[in-house]
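Chemist: After the structure tokens below, expect a handful of questions from me.
The values are calculated or read from the model by the stated rules, or taken from the named source; none is laboratory data. All values derive from a computational prediction rather than experimental measurement. Heads up, the Cβs are rebuilt from the backbone with ideal geometry, glycines too, and the neighbour counts pull from every protein chain shown. SASA here: full protein model, heavy atoms, side chains in, ligands and nucleic acids out. Shrake-Rupley method; radii C 1.70, N 1.55, O 1.52, S 1.80 Å.
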Amino acid sequence: MFKTTLQTIVEKTDGSLGALIMGADGLSVERFFNREGAEANLDVAAAEFTSLVRSASKSGSDLDLGAPRELVVTLGKVMFAMRLFNKDYFVVLALKPEGNLGRGRYELRKAELALANEFAV
């Protein structure tokens, strides 16, 4: 079920390279990459962003502003959109710089709703 959801996100988002469901421990639960994404070491990059997610969560808590829901990181060659399911799991979408970020964010939100029961804490 997870792989199908990730594949749908990638196929419906122009310019996407792949999508992963990540745990807060930095390990991926599931992943789906297109050919170009598989060659780009995106699973390593997604694992690196786990510390960013933890830092954003701590900052939100420390400032009493609430938990983060979404993070977007734009690098020179890849954009990463991350949608948090809860404090333990999040989904990452990797896109080319010219990719459709708006559609990607929409697909991530749909995935969050579809998978909410699977990641309920």
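Chemist: Can you run down the residue pairs with Cβ atoms below 7 Å, 6 or more apart or on separate chains, where the first is in the range 10-32 and touching a residue at least 12 places away in the same chain (Cβ under 8 Å) and open to solvent by less than 60 Å² (accessible area, probe 1.4 Å) and the partner is part of a loop (DSSP other than H, G, I, E, B) and aliphatic (A, V, I, L, M)?
Modeler: That search, which allows pairs on different chains as well, returns LEU17/ALA40; LEU17/VAL78.
Chemist: Could you tell me which of the residues ALA67, ALA38 is more than 15 Å from MET22 (Cβ to Cβ), among the aliphatic types (A, V, I, L, M), over 12 Å from the mean Cα position of the chain (by Cα) and surrounded by 13 or more Cβ atoms within 10 Å (Cβ to Cβ)?
Modeler: Selected residue: ALA38, the only one of ALA67, ALA38 that is more than 15 Å from MET22 (Cβ to Cβ), among the aliphatic types (A, V, I, L, M), over 12 Å from the mean Cα position of the chain (by Cα) and surrounded by 13 or more Cβ atoms within 10 Å (Cβ to Cβ).
Chemist: Condition (residue is open to solvent by 60 Å² or more (accessible area, probe 1.4 Å) and in a helix (DSSP H, G or I)) applied to the range 72-82: is it met by at least one residue?
Modeler: The answer is no, given that none of the residues of the range 72-82 is open to solvent by 60 Å² or more (accessible area, probe 1.4 Å) and in a helix (DSSP H, G or I).
Chemist: Next up: Would you tally the residues in the range 104-120 being touching a helix residue (DSSP H, G or I) at 6+ places or on another chain (Cβ under 7 Å) and charged (D, E, K, R)?
Modeler: 1
Chemist: Of the residues ALA46, ALA67, ALA56, which is without any contact (Cβ under 8 Å) to a residue 60 or more places away in the chain, of a type outside the set (D, E, K, R) and under 18 Å from ALA116 (Cα atoms)?
Modeler: ALA67
Chemist: Go through the range 50-71 and report how many residues are hydrophobic (A, V, I, L, M, F, W, C) and either under 22 Å from LYS12 (Cβ atoms) or in a helix (DSSP H, G or I) (or both).
Modeler: So the answer is 4.
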